[in-house]
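For reference, the structure discussed in these notes is given below.
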Amino acid sequence: MSNVARVFQNPAEGMITFRGDLASRTVKKAIRSVAGVAMPPAGEIRGEWGRGVGWMSPDEVMVLVPYADVGSATARLNATLSGTHVLVADVSDARVCFRVEGGQAAAVLARLCPVDFHPDSFGVGTLRRTRLAQVATAVWRHDTGFDVICFRSVADYVQGVLVNAEQSVLRGALGS
Amino acid sequence: MLILTCPYCGVRADETELSPGGEAHLKRFGPGSNDEAFEGYLFVRENPKGVHFERWRHSYGCGKWFHAARCTTTLEVFGTYEAQTSEPPKAIREAISAKRPGWSWRDLS
Ligand SMILES: [Zn+2]
C-alpha cells in the first residue's frame, strides 16, 4: 500500500558494455547510430532504460537498446568499428534493472548507498556507479525516480534490500 | 570516514566504495635484483605519522586505480592524482607544503 516509494524490476531490455576511446569521433558516431543519443559527459546518462547511453568510466559506457535489437546493435557496432580497438559485449542477461519511484525514492536509496541523492547534487540525468548495501550498482535519476542496474546474480538480494528500505521509509526503521 | 575524490570520474567516493592498495610509488625489484632489494620491495614500508602517499582503487565506481596524499593522524586529504606517475605531481606537493610546512616522505619534501 506504499505510495511513498515503489520498487519493481524493469522489463528486460538490451544492455551492451562498450569499452574504447570515448573521445574518438568514429566511436561517438557508432554509439549514436545504435543508441539514438549523443555520448553523455562523465557521470551522466542520455536517453532512458531501453534506449540510451550511460557513462560508466573514462573508457566505458553502457549502451541501452530494446531487448530485441541487441543482436543487430552489437553486430552493427562491431562492423562499424572493425579495425578500431574496442570491446562490445552483450550483457543483457548478465544484469537486471530495478526502478524506484515515488516521492521518497531518494530516501530509499539513501538508506543503501553512500551517495548524496539531493536533486542539487544528483539531478535528472546523473549516473553514478556505487555500492548499494553490499553490492556494486549503477544508479541514475530520471523524471519519475531512479533506475538501478546490478548483476543478475545478486538480483534477489538487491530486490530484498530495496523493498526493505522502502518499508523502513514507510514505517520508520523499527516498524510500527 | 575517509572521502577521496576519484581523479578519473570526479566522484567524491566514500571509503566503503574504495579498495586500499597500500603504499604508493613503490619501485619494483624482481628477478636479477639482490636479496636485500627484493626484500625491501616486498616488505619494507613507510609507516609515517603524518603525510603519506597511498594507492586506492575506485572499485565500486569506475574501477580505476589512483593515488592519494593524506595525513595519517588527522585523515586530512591533501589531494588525489592519477596512477600514471612515479611521483606526486608538483601541485600535490605544494598543497602539502601549504598545510604541513617542513614535511618529508622518503626522499620527498
Ligand atoms: Zn572513479
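Where a number appears in this text, it was derived from the coordinates with a stated rule and is not lab data. As the structure is a prediction and not an experimental result, all values here were calculated from the model. Ideal geometry is used to build each Cβ from the backbone, glycine not excepted, and the neighbour counts take in all protein chains shown.
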### Summary
Ranked on Cβ counts within 10 Å of their own Cβ, fewest leading, B:LYS90, B:LYS64 go B:LYS90, B:LYS64
### Query
Which three extents, in whole angstrom, do the alpha-carbon atoms of the protein assembly as shown cover along their principal axes, largest first?
62, 60, 34
### Query
Can you give the average number of partner chain beta-carbon atoms within 10 Å of each beta-carbon in peptide B:57-65, as a whole number?
5
## Note on the structure
Here the Kirkwood hydrodynamic radius of chain B, Cα-based and in Å, equals 14.7
### Task
Would you mind calculating the relative contact order of the stretch A:30-176 from Cα pairs under 8 angstrom and at least 6 residues apart, reporting the percent as a whole number?
20
## Note on the structure
Expected sort for A:ARG32, B:ARG70 with the fewest Cβ neighbours (10 Å cutoff) up front is A:ARG32, B:ARG70
### Summary
Share of Cα-Cα pairs in the stretch A:71-176 beyond 21 Å, whole percent, is 45
### Query
Can you work out D for the stretch A:1-68 in µm² s⁻¹ from Stokes-Einstein, where Rh is the Kirkwood radius over C-alpha pairs, the temperature is 25 °C and the viscosity is 0.890 mPa s?
192
### Query
What is the Cα centroid distance between the stretch A:32-92 and the stretch A:127-156, reported in whole angstrom?
18
### Message
Helix-only estimate, please: 222 nm mean residue ellipticity of chain B, summing -39500 (n - 2.57) across DSSP H runs of length 4 or more and dividing by its residues, to the nearest 500.
### Response
-5000 deg cm²/dmol
### Message
Pick from A:VAL96, A:VAL27, A:VAL135 the residue whose mean-square fluctuation is largest in a GNM of chain A, springs joining Cα atoms under 10 Å.
### Response
A:VAL135
### Message
I'd like the mean, over residues of A:111-122, of how many other protein chain beta carbons sit within 10 Å of each residue's own Cβ.
### Response
2
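Find the relative contact order for the stretch B:1-66 and round it to a whole percent, using C-alpha pairs within less than 8 Å whose residues are 6+ positions apart.
Values: 75 pairs, mean separation 25.0, N = 66.
Relative contact order, the stretch B:1-66: 38 percent.
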## Note on the structure
Longest principal axis of chain A (C-alpha) makes with the long axis of helix A:25-35 (C-alpha) an angle, in degrees to the nearest 10, of 60
### Query
Would you list A:LYS29, B:LYS27 from fewest to most Cβ contacts within 10 Å?
B:LYS27, A:LYS29
